[in-house]
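Values in this text are rule-based calculations from the coordinates and carry no lab data. Quick caveat, the model's predicted, so the values are computed rather than measured. Cβ: placed from backbone, ideal geometry, glycine included. Neighbour counts: every protein chain shown.
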Amino acid sequence: MIIAPSILSADFADLKNEVAKVEQAGADWIHIDSMDGNFVPNLTFGANVVRALRPHTSLPLDCHLMVNNPEYYIEEFANAGADVISIHVESTKHVHRALQMIQQKGIKAGIVINPATPVSSIEDVLPMVDMVLVMTVNPGFGGQSFIAHSLTKIRQLKDWQEKHDTAFDIQVDGGVNPETAKACAQAGANVFVAGSYIYGAKDVKVPIDALKEAVTASD
């Protein structure tokens with residue numbers, strides 16, 4: 001089980017301390033959403049933010065590139081200190097090459113599917129990835145409601161793992177709270193991204209503990 005708070009819902013003017021408080025509260029990763037205002041209708045963090053945060057946390061920096069042609073940005077994010085880089089299957093014509101580029105930098109490579117994208121679209125690269133991110137909302141903005149059909153995709157991925165005797169992390173992002181996290185864990189997910197649920201609380205330890213308890217209860 002990995003809990004990865006998304007700084008998309010943090011106070012942008014105080015990111016250093018926003019990361020520190022979730023680290024102290026028991027977070028496992030820090031999730032960084034990079035959006036180009038083109039692939040998704042929002043504009044957020046670039047590799048400069050990863051570089052700025054890297055000296056201030058020992059947690060893995062999980063970088064989700066919601067950008068067109070992510071292969072143009074992989075080296076910059078890797079050099080900035082990313083530990084995981086995930087790219088959308090919908091964002092490039094050269095998915096296999098982009099994943100190879102990530103792994104050649106010595107970091108974990110993830111593939112992402114949007115709510116309308118089937119698991120079948122990524123089957124050819126599943127043997128090479130370290131993680132699959134199932135978007136449980138439409139990407140671009142925080143605070144959206146969980147899309148229940150995502151559970152079917154998580155089960156399909158878990159079945160694929162068992163059939164092929166392989167392993168990769170299954171991450172979910174969007175509308176994650178104790179109820180939805182428990183359902184996702186029961187379906188097979190093990191990495192949980194939560195933004196507004198965590199950063200909307202006065203004490204971030206409370207939601208982080210609640211997520212861990214819900215996921216543990218699903219076992």
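For the reader, a short list of remarks on this structure follows.
- Remark: spin-label model distance T216-H164 equals 3.3 nm, labels positioned 7 Å along the Cα→Cβ axis.
- Under Karplus coefficients 6.51, -1.76 and 1.60, residue-wise ³J(HN,Hα) of segment 210-218 in Hz, glycine/proline x: 5, 5, 4, 5, 5, 5, 4, 5, 7
- Annotation: extensible slack from L43 through A148 equals 35.1 nm (criterion: 0.36 nm per residue apart, minus Cα-Cα distance).
- Distance between the modelled labels on A20 and D209, one decimal in nanometres: 2.2 nm (7 Å Cα→Cβ projection).
- Based on the Kirkwood approach, the hydrodynamic radius assigned to segment 122-203 is 13.2 Å, with every pair of different Cα atoms included.
- Average projection, convex hull of the Cα set of the chain: 10.7 square nanometres.
- Mean separation of Cα contacts under 8 Å, 6 or more apart, over the residue count of the chain: relative contact order %: 20
- Each stretch of four or more DSSP H residues adds -39500 (n - 2.57); spread over every residue of the chain, this sum gives -10000 deg cm²/dmol at 222 nm.
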